[in-house]
1. Mind grabbing the base-10 log of I(q)/I(0) for the chain at q = 0.08, 0.16 Å⁻¹? Debye formula, identical points on the C-alpha positions, no solvent, two decimal places.
2. Between A197 and R9, with labels modelled 7 Å along Cα→Cβ, what's the label distance in nm to one decimal, could you check?
3. Largest first and in whole Å, give the semi-axes of segment 91-199's equivalent ellipsoid, each being the square root of 5 times a Cα gyration tensor eigenvalue.
4. Would you calculate the separation in nanometres between label points at Q58 and T153, each defined as 7 Å from the Cα along the Cα-to-beta-carbon direction?
5. Based on alpha-carbon centroids, what's the gap between segment 59-96 and segment 116-158 in Å, whole number please?
6. Could you check the simple spin-label distance between E103 and T171, using points 7 Å along Cα→Cβ, in nm with one decimal?
7. For the chain, find the longest principal axis of its Cα atoms and tell me its angle to the long axis of helix 184-198, 0 to 90°, nearest 10.
8. Between T81 and E118, what's the calculated FRET efficiency when r is the beta-carbon distance and R0 is 25 Å? Round to 0.05.
Amino acid sequence: LLPDAMDSRSPKLVLRHFFAHRTNQTAAEHFPYVDLDSVGPYAYFPLQFQPEASIDLQATRFNNQIEIARQVAMSLPGDLTLVVKDHPAMFGLRPRSYLEKLEKTPNVKLVDFLIPTETVLRGARLVVAPVGTTLMEAAMVGLPAIQLSNLGTTLQLPNVRYHPDLTTLPTAIKEALQMNCDSDDYQRRLRNYVAAAMD
């Protein structure tokens with residue numbers, strides 16, 4: 001067996017991981033998150049589960065999620081704040097220092113990971129993400145989205161605009177905010193997407 005295989009780890013390593021996980025869970029549960037209702041107009045940046053193939057293999061340029069959130073926050077129009085929510089499956093896996101670094105990022109508001117994604121989407125004006133199922137959820141509620149990576153499945157959604165260039169992201173955001181997600185054409189394309197997935 002490999003030295004770091006799950007069934008051959010030393011008791012010291014098992015205990016270290018156990019206590020680190022519990023410490024991270026406590027930190028996440030008691031973190032002073034921002035009240036979503038107190039945030040004005042906002043764009044939404046959902047943190048991805050990590051490590052994971054979609055973010056670490058298919059979106060390698062965007063896998064430093066704190067830095068990407070910072071870049072997105074700086075690219076927003078002056079009237080928008082960036083709301084960031086952690087992936088629920090990451091509960092206990094990120095240290096408090098990670099959350100604190102996000103919280104201290106200018107124009108970023110970190111909200112509780114227990115808030116349903118649908119609630120966050122209903123109040124957002126835009127979603128920006130490297131990858132993720134949140135892009136599909138945004139399509140279902142008629143919310144424009146910018147995808148930073150070129151993962152093809154979600155790029156076919158009618159609400160998604162592909163824009164990997166962070167230097168011109170402010171312009172792309174302004175254009176995405178003008179997208180009409182209420183039109184008959186949008187609904188037709190969304191139905192076609194769902195039908196293709198079902199087929």
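Every read-out reported here was derived from the displayed coordinates using simple, explicitly stated rules and does not represent laboratory data. Remember, predicted model here, so these are calculated numbers, not experimental data. Methodologically, a virtual Cβ is constructed for each residue, glycine included, from the backbone with ideal geometry; neighbour enumeration extends over all protein chains shown.
1. -0.30, -1.03
2. Modelled inter-label distance: 3.4 nm.
3. On the way: eigenvalues 140, 57, 38 Å².
They are 26, 17, 14 Å, listed largest first.
4. 0.6
5. 14
6. Taking the two extended label points, one gets 3.8 nm.
7. Here the helix axis deviates by roughly 40 degrees.
8. Taking R0 as 25 Å, the efficiency between T81 and E118 is 0.80.
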